[in-house]
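Working notes for the structure below.
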Amino acid sequence: MNNKLQRIGFTIVFVMLSIFSNAQNVVAEKNDFMRSHEKIYVVMAVVITIVLGLFLYLINLDRKISKLEKGK
């Protein structure tokens, strides 16, 4: 079960990386607007925080389910 969760986690990380790398190809005007007001960093910090929170929640949930399956 843990191996399956790791595969899913890696898949999600690689998909997010590809989305972020493609997001850099957006029109320069939009990037300049976001960079000029420094809001892009806030958006990226929020996105990373949410994704990390979801991963930690899934890992914690997997551990709890594993304990219940073992009967401890």
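Laboratory data are not the source of any read-out in this text; all were calculated from the coordinates shown. Being a predicted model, the structure only gives us computed values, none of them experimental.
At full extension, Glu69 and Phe14 could sit 16.8 nm farther apart than now, given 0.36 nm per residue minus the alpha carbon distance. The slack in the chain from Ala45 to Leu61, taken as 0.36 nm per residue of separation less the alpha-carbon distance, amounts to 3.4 nm.
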